[in-house]
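K.L.:
Here it is, the structure in full.
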Amino acid sequence: MGRLETKLLVLLVLLIAVPISVAFMRSQTLFDRSLAVGLNPGVTEALDDAVEVFGAYVRSEKARQEALARGIAEGRPLADRAAAGPDAVRDLLRGHARAPRVQRIALVGGPGVADVTVESPTFGDPARWRVRTLELPLTGVPGYAALRYTFGLEAAFLDRFEAMEAEVIAPRAALETYREELAADFALRFLLPLFGAVLVAGIISVVVGRRITLRLKTLRHAMEQVAAGDLEVRVAPTGRDEVADLARGFNDMTRRLRESRTRIEHLTRVSAFQGIARRLAHEIKNPLTPILLAVQQIHRSYKGDDARYRRTLDSAHEIVVDEVATLERLVTNFSRFAKLPTAERVDEDLAAFARDIVAAHPEIEGLSAETPDRPAVAAVDKGLLRQALTNLVKNAGEALRDVERAPRVTLRVEPTADAVRLVVEDNGPGVPRDARERIFEPYVTGKDDGTGLGLAIVKKIVLDHDGSIAVTDSAHGGARFEIVLPRHVEGEPG
Ligand SMILES: Nc1ncnc2c1ncn2[C@@H]1O[C@H](COP(=O)(O)OP(=O)(O)OP(=O)(O)O)[C@@H](O)[C@H]1O
Ligand SMILES: [Mg+2]
């Protein structure tokens, strides 16, 4: 794993783990504290006391009612009243029924005797009460078998107690039993998402980090290749982020380096050839005149009448004059190539310039200019550029020499945003793909009478103008030479 990936991983994990861990520890404390409050022995005792008190109350109330009932059942007055008849009994019971919580008191009659029942006038709504009935057998009460004593305990009070039992006391007891488990469960519920989040963060950081570092590694590898001298490397600028910008910048840089290397290589080669041409021109030029003079002298000075010798002399003289003329042309070409001046560039309208060049070469059949109506201005050395364009249209004319179809040579001027494109195209045989680099080299020619310097000169002039030149297929079916010249001189304000 790269350093960047590790950093990303650590950062993301920390970002997630630290706040969650802090939150976990805080809530753990809070949880423990609330458990401690809930399961505090004081609270437990208080609750136990409450249960105790309640039970005692219920028990004592029941006992009190039972004692009251028993008092009635076993007391003398009841036996006396029973003997006096049912009205007397009712009278007595009515008195007892006034006691609080009593609903009804009844005497269950023995065989042949009707029950006597007295309702409490103060008992009220039975829904308020939980009603209990005591049935006490009677002995010594003539005619009656049992006392049925019905009383109530406050329903609201009992309900509250039962609710307390169900909602507080029972869960509390359960809580007590599961206290440990609860704490573990709480921790688990917190830690599981924490680990999940850390894991997800880890995976994300590794994936994201790897994507970035892989692309950076590719870039670094490409840079090493460039450092080792390979300018052909390119990196695919995937995505739309800064790394992709970097890749695009890198490709742009290698393209510029390639261009400038090609330029320097060509200019170096051309300059070496210029040196050779200068020396050759010098060495050849000097003996040419004496050779010609000597031959002319021999030719003129023979006064004899040997016809065969005369013919030999004539033909030798003709050959020498012809070859010397060729050599002189070669020497002129060589010296012109050797003495190419440096470009002095000024703004010119290349549209008018191209029309002038076409007009100056009526001998080239089918030559025409295609220029825009508005001026196409670029900073050029007119003399040098004329030489370059003349070489191109001449080559086109020469390429069309042995062609059957009607010759067509077009010199086109196309202004673009920051450059002017000059195109020379013809409908000749074209330049084979594998020769397209080579023909710009000095002394590369496909013609018997060519020196192979024309295109080398064109390329040098174009490079001296910070431009570029390439040959492709023409729409006319022949060769298409395209020169691109920047509108402004590099380094000067546009
Ligand atoms: N328009 C063209 N169509 C086809 N081939 C071409 C064209 N222009 C140039 N060439 C080829 O490129 C070669 C090199 O051209 P270049 O102008 O450098 O030299 P040259 O014309 O042979 O000789 P020089 O120009 O010195 O008289 C030519 O010999 C020819 O084979
Ligand atoms: Mg030529």
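K.L.:
Output the residue which, of all residues in the stretch 108-123 that are under 25 Å from Leu153 (Cβ atoms) and out of contact with any helix residue (DSSP H, G or I) (no Cβ under 6 Å at 6 or more places or on another chain), is surrounded by the most Cβ atoms within 10 Å (Cβ to Cβ).
P.N.:
Phe123
K.L.:
Please list, ordered by first then second residue, the pairs with beta carbon atoms under 7 Å, 6 or more apart or interchain, first in the stretch 438-455 and under 13 Å from Val331 (Cα atoms), second near ligand 2 (Cβ under 8 Å from one of its atoms) and modelled with pLDDT of 90 or more.
P.N.:
Qualifying pairs under 7 Å: Thr451/Thr445.
K.L.:
So is Ala184 closer than 30 Å to Thr44 by Cβ, assigned to a helix (DSSP H, G or I) and aliphatic (A, V, I, L, M) or not?
P.N.:
Values: closer than 30 Å to Thr44 by Cβ: yes; assigned to a helix (DSSP H, G or I): yes; aliphatic (A, V, I, L, M): yes.
In short, yes.
K.L.:
Right, another one. Can you pull out every residue in the stretch 139-153 that is closer than 14 Å to Gly124 by Cα and modelled with pLDDT under 90? Don't jump to the end; show me each part of the working.
P.N.:
Going residue by residue through the stretch 139-153, those that are closer than 14 Å to Gly124 by Cα are 150-153.
Scanning the stretch 139-153 gives no hits.
K.L.:
Return the total of residues in the stretch 412-445 being surrounded by 14 or more Cβ atoms within 10 Å (Cβ to Cβ) and either among the aliphatic types (A, V, I, L, M) or within 13 Å of ligand 1 (Cβ to nearest atom) (or both). Working first, answer last.
P.N.:
From the stretch 412-445, those surrounded by 14 or more Cβ atoms within 10 Å (Cβ to Cβ) are 412-415, 419-431, 436, 439-442, 444-445; that's our starting set.
Within this subset, residues satisfying the condition of being either among the aliphatic types (A, V, I, L, M) or within 13 Å of ligand 1 (Cβ to nearest atom) (or both) are 413, 419-420, 422-431, 436, 439-442, 444-445.
Counting residues in the stretch 412-445 that are surrounded by 14 or more Cβ atoms within 10 Å (Cβ to Cβ) and either among the aliphatic types (A, V, I, L, M) or within 13 Å of ligand 1 (Cβ to nearest atom) (or both) gives 20.
K.L.:
Something else about it: With respect to Arg172, is the statement that it is under 27 Å from Leu9 (Cα atoms), basic (Lys, Arg) and surrounded by 12 or more Cβ atoms within 10 Å (Cβ to Cβ) true?
P.N.:
On the way: under 27 Å from Leu9 (Cα atoms): no; basic (Lys, Arg): yes; surrounded by 12 or more Cβ atoms within 10 Å (Cβ to Cβ): yes.
Answer is no for this residue.
K.L.:
Take the stretch 373-411 and flag every residue that is surrounded by fewer than 20 Cβ atoms within 10 Å (Cβ to Cβ), touching a residue at least 60 places away in the same chain (Cβ under 8 Å) and among the β-branched types (Val, Ile, Thr).
P.N.:
Listed by number, the list holds a single entry, Val377.
K.L.:
Considering only the stretch 337-356, I want to know if a residue exists there that is under 16 Å from Val462 (Cα atoms), more than 14 Å from ligand 1 (Cβ to nearest atom) and among the polar types (S, T, N, Q).
P.N.:
Yes; the residues of the stretch 337-356 include at least one that is under 16 Å from Val462 (Cα atoms), more than 14 Å from ligand 1 (Cβ to nearest atom) and among the polar types (S, T, N, Q).
K.L.:
For the stretch 443-457, which residues satisfy the criterion of being more than 10 Å from ligand 2 (Cβ to nearest atom) and either at positive phi or modelled with pLDDT of 90 or more (or both)?
P.N.:
Tyr443, Val444 - these are the residues of the stretch 443-457 that are more than 10 Å from ligand 2 (Cβ to nearest atom) and either at positive phi or modelled with pLDDT of 90 or more (or both).
K.L.:
Answer with yes or no whether Lys460 is within 13 Å of ligand 1 (Cβ to nearest atom), surrounded by 13 or more Cβ atoms within 10 Å (Cβ to Cβ) and among the charged types (D, E, K, R).
P.N.:
Values: within 13 Å of ligand 1 (Cβ to nearest atom): yes; surrounded by 13 or more Cβ atoms within 10 Å (Cβ to Cβ): yes; among the charged types (D, E, K, R): yes.
Here the answer is yes, as Lys460 does meet what is asked.
The values are calculated or read from the model by the stated rules, or taken from the named source; none is laboratory data. For clarity, every value in this text was computed on a predicted model and none was experimentally measured. Virtual Cβ from ideal backbone geometry, glycine too; neighbours counted across all protein chains shown.
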